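Engineer: I have a structure here, written as structure tokens, and I will follow up with some questions on it.
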Amino acid sequence: MGLIEQAAKRLEELKRAGVDVPVAQDADADSVAKAGPKSPSMPSAAAQMLADAPNPFRERSPTPVPAASSEANDIDEKPPRRSRPVEIDLQRLAAAGYVTPTAPRSRLADELRVIKRPLIGNAQGRSAAPIQAANLIMVTSALPGEGKTFISVNLAVSIAMELDTTVLLVDADVARPAVPERLGLSVDKGLLDLLTRKDLEVADVMLRTNIERLSVLPAGTPHSRATELLASDSMVRLVAELASRYPDRILVFDAPPLLSSTESRVLATHMGQIVLVVDAERTPQGSVKQALAAIEQCPVVMTLLNKIERVDSGSYYYGYYGAYGSYGQ
Ligand SMILES: Nc1ncnc2c1ncn2[C@@H]1O[C@H](COP(=O)(O)OP(=O)(O)OP(=O)(O)O)[C@@H](O)[C@H]1O
Ligand SMILES: [Mg+2]
């Protein structure tokens with residue numbers, strides 16, 4: 001008798017014996033194996049990555065059906081892991097110039113609407129041609145300090161404010177993480193811990209915020225090889241895992257700058273969409289060109305001109321500059 005037949009037989013026996021056999025798990029603890037690389041909802045790039053590389057999450061996920069050889073009391077009854085709830089001080093966030101669900105309509109919110117519409121449309125498969133891994137959006141720039149974290153946080157909150165979109169904001173600038181500080185959160189574990197510790201699952205380090213539909217994956221415990229880890233095969237597998245485990249979720253990555261290190265470029269090769277932030281005042285044209293060349297393989301690149309100084313008040317705001325890209329190569 002094959003393994004599957006044995007398991008089915010065992011399942012029948014257990015049911016007859018009155019044992020309540022679990023068949024489904026909490027979404028956060030759901031296994032990749034369940035979706036499988038052939039799942040129609042999985043972005044095909046992610047599916048390919050999963051097919052190419054062994055996935056450590058498969059082994060770690062709770063098994064819904066007991067193995068043929070296990071006894072009734074061997075059934076894995078571990079409760080599904082749940083992400084930790086955290087409270088963002090929305091007043092503080094608004095006071096720091098960020099968009100929030102409770103703040104009145106603002107220029108910032110209007111500008112974000114213009115940027116997020118095409119990103120969400122692509123992520124939800126409404127592009128003219130299908131875009132691989134379109135639910136993975138990386139925010140980057142040529143150089144440090146151009147406003148990546150500012151835009152990432154605003155974009156993630158703004159997308160989460162849409163009724164039908166769930167967002168995971170990933171702090172992928174692992175060498176200089178800034179997302180928790182911007183959101184006023186104190187965190188410990190995160191992305192780097194997932195890449196270095198086999199005992200952790202995504203749900204163990206993911207934070208569920210009080211902004212509905214917004215979760216955060218912090219950068220995690222500082223590591224001497226943080227940047228190498230970000231460009232590692234484990235990271236590729238993790239990105240594939242995140243994209244496939246949450247196909248309905250939009251992932252916004254706050255990434256390192258493109259020209260001062262290589263890891264951001266490696267990460268870029270797995271993204272369906274990239275927002276390239278350009279500091280209107282400071283970024284030299286040559287750097288913008290170099291940055292664009294480094295991410296030219298990405299199906300959708302949207303360039304965002306940030307920190308345009310308004311003549312009337314002297315204050316900064318960011319502006320939508322333009323988008324280009326070949327949609328679904
Ligand atoms: N459009 C904007 N309006 C107001 N402040 C902004 C804007 N864009 C960026 N800033 C501010 O400029 C500073 C630098 O921005 P931010 O930290 O987001 O840049 P970064 O590209 O993430 O930097 P790093 O490369 O160090 O990660 C921050 O204090 C941020 O709040
Ligand atoms: Mg930053």
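Engineer: Within segment 262-294, take every residue that is of a type in the set (A, V, I, L, M) and part of a helix (DSSP H, G or I) and give me the one that is surrounded by the most Cβ atoms within 10 Å (Cβ to Cβ). Spell out the reasoning first.
Structural biologist: In the first step, residues of segment 262-294 are kept if they are of a type in the set (A, V, I, L, M); the result is 266-268, 271, 274-278, 280, 288, 291-294.
From what is left, the residues that are part of a helix (DSSP H, G or I) are 266-268, 288, 291-294.
Numbers: Val266: 15, Leu267: 25, Ala268: 22, Val288: 19, Ala291: 28, Leu292: 18, Ala293: 9, Ala294: 18.
For segment 262-294, the residue satisfying everything is Ala291.
Engineer: Sticking with this structure for a sec: Which condition number does Ser186 fail, the rest of (1) away from ligand 1 (no atom under 16 Å from the Cβ); (2) more than 21 Å from Ala96 (Cβ to Cβ); (3) open to solvent by 20 Å² or more (accessible area, probe 1.4 Å) being met?
Structural biologist: (2)
Engineer: Next question, about the same structure. Please determine whether any residue of segment 295-312 is open to solvent by less than 30 Å² (accessible area, probe 1.4 Å), closer than 22 Å to Gly145 by Cα, at pLDDT below 95 and in contact with a Pro (Cβ under 9 Å, 6 or more places away or on another chain).
Structural biologist: Yes.
Engineer: Name the pairs: first residue in segment 223-237 and under 11 Å from Leu267 (Cβ atoms), second residue among the acidic types (Asp, Glu), Cβ to Cβ under 7 Å, at least 6 apart or on different chains?
Structural biologist: Close Cβ pairs satisfying both conditions: Thr227/Glu263; Leu230/Glu263; Ala231/Glu263.
Engineer: Look through Ser152, Ser141 and report the one residue that is among the polar types (S, T, N, Q), more than 18 Å from Val216 (Cα to Cα), open to solvent by less than 10 Å² (accessible area, probe 1.4 Å) and within 16 Å of ligand 1 (Cβ to nearest atom). Explain how you work it out, then say what you get.
Structural biologist: On the way: Ser152 fails: more than 18 Å from Val216 (Cα to Cα).
Of the residues listed, the single one that is among the polar types (S, T, N, Q), more than 18 Å from Val216 (Cα to Cα), open to solvent by less than 10 Å² (accessible area, probe 1.4 Å) and within 16 Å of ligand 1 (Cβ to nearest atom) is Ser141.
Engineer: Exactly one condition in (1) modelled with pLDDT of 95 or more; (2) buried (at least 24 other Cβ atoms within 10 Å of the Cβ) is not met by Pro177; state its number.
Structural biologist: (2)
Engineer: What helices (runs of 4 or more DSSP H), lying completely within segment 194-261, carry at least 1 residues that are within 16 Å of ligand 1 (Cβ to nearest atom) and either among the polar types (S, T, N, Q) or farther than 13 Å from Thr166 by Cα (or both)?
Structural biologist: Counting at least 1 such residues, we get 226-230.
Engineer: Cβ-Cβ distance below 8 Å, separation of 6 or more or different chains: which pairs start in segment 142-167 with a residue that is at positive phi and end on one that is within 13 Å of ligand 2 (Cβ to nearest atom)?
Structural biologist: Final answer for the pair search is Gly145/Asp279; Gly147/Ser141; Gly147/Val277; Gly147/Asp279; Gly147/Asn306.
Engineer: Looking only at segment 162-173, filter to residues that are part of a loop (DSSP other than H, G, I, E, B) and modelled with pLDDT of 95 or more; which one of those is surrounded by the most Cβ atoms within 10 Å (Cβ to Cβ)? It would help to see each step written out before you state the result.
Structural biologist: Taking segment 162-173 first, the residues part of a loop (DSSP other than H, G, I, E, B) are 162-165, 172-173.
Now drop any that are not modelled with pLDDT of 95 or more, which leaves 172-173.
On the way: Ala172: 28, Asp173: 26.
Among those residues, the one meeting the criterion is Ala172.
Engineer: Would you call Ile137 in contact with a strand residue (DSSP E or B) (Cβ under 7 Å, 6 or more places away or on another chain) and either of a type in the set (Lys, Arg) or more than 15 Å from ligand 2 (Cβ to nearest atom) (or both)?
Structural biologist: In short, yes.
Engineer: Same structure, new question: Can you work out which of the residues in segment 204-229 that are over 30 Å from Leu90 (Cβ atoms) and touching an Asp or Glu at 6+ places or on another chain (Cβ under 8 Å) is surrounded by the most Cβ atoms within 10 Å (Cβ to Cβ)?
Structural biologist: Checked segment 204-229; the qualifying residue surrounded by the most Cβ atoms within 10 Å (Cβ to Cβ) is Thr227.
Engineer: May I pose another question? With the requirement that a residue be within 15 Å of ligand 1 (Cβ to nearest atom) and without any contact (Cβ under 8 Å) to a residue 12 or more places away in the chain, what does segment 104-138 give you?
Structural biologist: Within segment 104-138, Ser106, Asp110 meet the criteria.
Engineer: Sticking with this one: Quickly run through segment 167-213 and pick out the residues that are within 23 Å of Ile274 (Cβ to Cβ) and among the charged types (D, E, K, R).
Structural biologist: Correct list: Asp171, Asp173, Arg176, Arg182, Arg213.
The values are calculated or read from the model by the stated rules, or taken from the named source; none is laboratory data. All of these numbers come straight from a predicted model, not from anything done at the bench. A quick note on method: Cβ atoms are made from the backbone with ideal geometry, for glycine too, and the neighbour counts reach across all protein chains shown. When the accessible area is computed, the model is the full protein with side chains, heavy atoms only, and any ligands, DNA or RNA have been set aside. Shrake-Rupley method; radii C 1.70, N 1.55, O 1.52, S 1.80 Å.
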